[in-house]
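Note sheet for the following structure.
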Amino acid sequence: MRTIDWVDGAIELVDQTLLPGECRVVRIGTVDGLIDAIRRLAVRGAPALGVAGALGVALAVATEPDPADAAARLRSARPTAVNLAWGVDQALKCLDGGFGAVLGRALEIRDEDIAACRAMGERGADLVRELTGRDQVRIMTVCNTGGLAAVERGTALGVAQTLHERGQLAEVLALETRPLLQGARLTAWELGRMGAPHRLVVDSAGPFLLARGSADIVLIGADRIAANGDTANKIGSYALALGAHRAGVPFIVVAPESTVDLATPTGSRIEIEDRDPAEVLSVRDVRLAPEGTGVLNPAFDVTPHDLITAIVTERRVIRPGSGEALVAGTI
């Protein structure tokens, strides 16, 4: 199953807001419809957003009187994940060639993402075995980094899938990921579909369970990696990194090269998206907090590079915690 694709002149994507209760593919025929799908998280995950950005430019060329203006609106739909802007910019480079050229580049990005996720799964699984020395590995992860966050397979959860296919996965401990429960709703759903052993964990239990030796390694994705290796990911990642560091557990970031943003020197320069207070105040329209309660709802946090054991991309493994830099002179 592909999370997002171009089918007969429009974008088709899995509406992730309906999972796990319903797996529905929706058809998007306008740029505004795509922007709405991105903002309400019907499509989410850094690699999937990159593909959405590129396909959205093709949609803009086909349907908008001013494709460049529509692309600019799409580019800013979510600020933290660099892949969305990257995908838009990649497709815009082909604008002078017309619709065929733009769509061709967007489909290349789709196919490159599929290949990259498979490569990250293989490279990451090899690294996990190297770092843990175990034939059966226990993984902890946060948010959703499987096929739903990409086109197919995914990033960090793609590594878990590869280990499972090799017969080397003992268990995945998936953090529920408040406030929108992407771990509970999406990651657990994907792990169940692949037949992988897993248990769900409340977010605040993660560091304690690492201290107790319940996991051999932590795998997360990334929404933006700064030039020095600082990494923005779903809120809760930084706490896991601190817990992993204290417990001596390797902490691995798995993300495509398109997530590396050399124009952002450090994590302090990454814009963190603050989302709707309603996401914290209620769950699926069921009110949890009293009326008048204020909310602070950052969707992401930033893990400093010195807490990251390794960054795995489709091309390479970088070890920021050991002093290796993404680019010479950036740490």
Counting only residues that are over 28 Å from R284 (Cα atoms), give me the strands (runs of 3 or more DSSP E) lying completely in the range 1-77 with at least 1 of them.
4-7, 10-14
Mind telling me which of the residues A247, A241, A289, A226 ends up being touching a helix residue (DSSP H, G or I) at 6+ places or on another chain (Cβ under 6 Å) and without any contact (Cβ under 8 Å) to a residue 12 or more places away in the chain?
A289
Candidates L219, L262, L296, filtered to the one that is more than 20 Å from P79 (Cα to Cα) and either out of contact with any strand residue (DSSP E or B) (no Cβ under 6 Å at 6 or more places or on another chain) or crowded, with 22+ Cβ neighbours inside 10 Å (or both):
L219
Out of everything in the range 317-329 that is in contact (Cβ under 8 Å) with a residue 60 or more places away in the chain and assigned to a loop (DSSP other than H, G, I, E, B), what residue ends up being nearest to V260 (Cα to Cα)?
L326
Quick check on my filter: what residues within the range 73-95 are of a type in the set (A, V, I, L, M, F, W, C) and either more than 20 Å from G45 (Cα to Cα) or touching a strand residue (DSSP E or B) at 6+ places or on another chain (Cβ under 6 Å) (or both)?
V82, L92, C94, L95
What number goes with the only condition from (1) farther than 21 Å from L169 by Cα; (2) out of contact with any Cys (no Cβ under 6 Å at 6 or more places or on another chain) that R105 does not pass?
(2)
Against the condition small (G, A, S) and touching a helix residue (DSSP H, G or I) at 6+ places or on another chain (Cβ under 9 Å), how does G9 come out, does it pass?
yes
Taking the range 141-158 as the region of interest, how many residues are among the small types (G, A, S), within 20 Å of G236 (Cα to Cα) and touching a Pro at 6+ places or on another chain (Cβ under 9 Å)?
2
Which of the residues that make up the range 109-163 are out of contact with any helix residue (DSSP H, G or I) (no Cβ under 7 Å at 6 or more places or on another chain) and not in a helix (DSSP H, G or I)?
G133, R134, D135, Q136, R138
Members of the range 86-122 found to be touching a Pro at 6+ places or on another chain (Cβ under 8 Å) and of a type in the set (D, E, K, R), listed by number:
D113
Sort through G147, G121, G183 and tell me the only one that's crowded, with 21+ Cβ neighbours inside 10 Å and touching a residue at least 60 places away in the same chain (Cβ under 8 Å).
G147
Name the single residue that is surrounded by the most Cβ atoms within 10 Å (Cβ to Cβ) among those in the range 186-216 being more than 13 Å from V142 (Cα to Cα) and basic (K, R).
R193
Only residues that are in a helix (DSSP H, G or I) and β-branched (V, I, T): list them for the range 78-87, please.
V82
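Each value in this text was obtained by applying a stated rule to the coordinates, not by laboratory testing. Only a predicted model underlies this, so the values are computations on that prediction, with no experimental measurement involved. Here the Cβ is made from the backbone with ideal geometry for all residues, glycine too, and neighbour counts use every protein chain on show.
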